Amino acid sequence: MRDRLIGILLGTAVGDALGLPAEGLSPRRRARLFPGPWRHCFLLGRGMVSDDTEHTLFVAQSLLKHPTDASAFQRTLAWHLRWWFLGLPAGVGLATARACVRLCLGFPPTRSGVFSAGNGPAMRSAILGGYFHDDPQAVEAFVRASTQITHTDPKALIGALAIARLAAWAVEHQANQRPSIGDLGGMLIQSANDEPQWSYLVGVVQEACSAELTVSQFAAKLGLENGVGGYVYHTVPVVTYAWWRHYGDFRSTLEAVLECGGDTDTTGAIAGALAGATVGEHGIPESWLKGIVDWPRSMGLLRLVAERLAQQLQTGQPLEPVSYCWPAVVPRNLLFLAVVLAHGFRRLAPPY
């Protein structure tokens, strides 16, 4: 359990950091700007993490404070998101930004969400599935509480529940025990409540599994040949198929998703979380782990939080969140913003 929970948090960070420099690029432009195999190239050959990893960390910290009460968990997570937003993070999604503004204005977390089907809830739900892997009711309650803070479109909840349930499967089973096509469809359809568009997408995923398409071919089948955007009904099917297609192989899963282009930091973070839940920390390439140099929300902090979650599961007693040097967050965010702007200016130049 300890290894799988560490795998989820570190896998999220690795996928986030690898995909971040290529965010918003088509597969063709990404290959021209960043040729060769996937490696860290955000800052002098190193990687940093974005909101995808930070939100997952906040979920984990909130679980350490309130592992049995979804309402109390929701209030704590809302508190984290409020202070995160006031710390001037770069690259905040529009729906999340609007929800955080509402939180700062005093809206309760039950009324702060906005109508959006973005990726925010899905990118932070894998750790909930991993933690509550043997308690489906708790998975649904906590994922619903997490989603409601920022997104109220039912599609956002469907996508977040799907990712959580896949993570729960990965934690429950061995890395060589891929779910059958029927089991995969059952986990996905369980989230839908007969929602027609999601039911159709589940069928498309199952057809792709039977045909053994590549992940890029599957994305093209959904009309996403120029990149996977921030719509949860695009992201979750592509990430799900990559996880199933390359089950038990962290590198192949992540590379297949990133090669699709688009919202690569978020698709990478979700794929990394699922693959990390499957293979654990030791299945993540060491060079990708060591290449991340972020602080104060560091890889060491993520590992320590995961270890404490595992200890909490073992003892059944709530533990306190892990403290870190929070005053350093604003200077770090200013550095991060400067690097993001530098990448933006670089994209104005060839090769196109």
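The values are calculated or read from the model by the stated rules, or taken from the named source; none is laboratory data. What you are looking at is a predicted structure, and each value in this text was computed from that prediction instead of being measured. Neighbour counts are summed over all protein chains in view; Cβ atoms, including those assigned to glycine, are modelled from backbone coordinates with ideal geometry.
All told, Gly45 falls short of being under 18 Å from the mean Cα position of the chain (by Cα), surrounded by fewer than 18 Cβ atoms within 10 Å (Cβ to Cβ) and farther than 18 Å from Glu140 by Cα. Figure legend. Inter-residue proximity from region 97-108: first residues under 16 Å from Ser146 (Cα atoms), second residues at pLDDT below 95 and surrounded by 14 or more Cβ atoms within 10 Å (Cβ to Cβ), beta-carbon distance below 9 Å, spacing 6+ or different chains. Indicated pairs: Cys100/Val92.
Going by what's in this entry, would Leu5 be described as in contact (Cβ under 8 Å) with a residue 60 or more places away in the chain, buried (at least 24 other Cβ atoms within 10 Å of the Cβ) and within 23 Å of Phe336 (Cα to Cα)? Considered against the rule, which asks whether it is in contact (Cβ under 8 Å) with a residue 60 or more places away in the chain, buried (at least 24 other Cβ atoms within 10 Å of the Cβ) and within 23 Å of Phe336 (Cα to Cα), Leu5 comes out as no.
When the residues of region 271-281 are narrowed to those that are touching a Leu at 6+ places or on another chain (Cβ under 7 Å) and of a type outside the set (Gly, Ala, Ser), which ends up surrounded by the fewest Cβ atoms within 10 Å (Cβ to Cβ)? In this case the residue turns out to be Glu281.
When residues in region 168-182 are screened for being small (Gly, Ala, Ser), at pLDDT 95 or above and assigned to a loop (DSSP other than H, G, I, E, B), 1 of them pass. Which of the residues spanning region 282-308 are surrounded by fewer than 23 Cβ atoms within 10 Å (Cβ to Cβ), of a type in the set (A, V, I, L, M) and over 21 Å from Gly45 (Cβ atoms)? Correct list: Leu301, Leu304. Listed by first and then second residue, the pairs with beta-carbon distance under 8 Å, at least 6 apart or on different chains, first residue in region 327-352 and outside any helix (DSSP H, G or I), second surrounded by 10 or more Cβ atoms within 10 Å (Cβ to Cβ) and hydrophobic (A, V, I, L, M, F, W, C), are Arg347/Leu25; Arg347/Leu33; Pro351/Leu33.
When region 16-32 is limited to residues that are of a type in the set (A, V, I, L, M) and crowded, with 18+ Cβ neighbours inside 10 Å, the one that is farthest from Asp265 (Cα to Cα) turns out to be Leu25.
This table checks each residue for (1) touching a strand residue (DSSP E or B) at 6+ places or on another chain (Cβ under 6 Å); (2) in a helix (DSSP H, G or I); (3) within 19 Å of Ala271 (Cβ to Cβ); (4) at pLDDT 95 or above.
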{"position": "Leu184", "(1), (2), (3), (4)": "no, yes, yes, yes"}
{"position": "Ala192", "(1), (2), (3), (4)": "no, no, no, no"}
{"position": "Val202", "(1), (2), (3), (4)": "no, yes, yes, yes"}
{"position": "Val205", "(1), (2), (3), (4)": "no, yes, yes, yes"}
{"position": "Gly223", "(1), (2), (3), (4)": "no, no, no, yes"}
{"position": "Tyr233", "(1), (2), (3), (4)": "no, yes, yes, yes"}
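For every residue, the table says whether it meets (1) among the acidic types (Asp, Glu); (2) buried (at least 23 other Cβ atoms within 10 Å of the Cβ); (3) within 17 Å of Gly130 (Cα to Cα); (4) at pLDDT below 95.
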{"site": "Ala60", "(1), (2), (3), (4)": "no, yes, yes, no"}
{"site": "Leu63", "(1), (2), (3), (4)": "no, yes, yes, no"}
{"site": "Thr76", "(1), (2), (3), (4)": "no, no, no, no"}
{"site": "Trp79", "(1), (2), (3), (4)": "no, no, no, no"}
{"site": "Trp83", "(1), (2), (3), (4)": "no, no, no, no"}
{"site": "Gly87", "(1), (2), (3), (4)": "no, no, no, no"}
{"site": "Gly91", "(1), (2), (3), (4)": "no, no, no, yes"}
{"site": "Thr96", "(1), (2), (3), (4)": "no, yes, no, no"}
{"site": "Cys104", "(1), (2), (3), (4)": "no, no, no, no"}
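Of a type in the set (Phe, Trp, Tyr) and closer than 17 Å to Met1 by Cα: is that true of Phe132 in this structure? So Phe132 passes the test.
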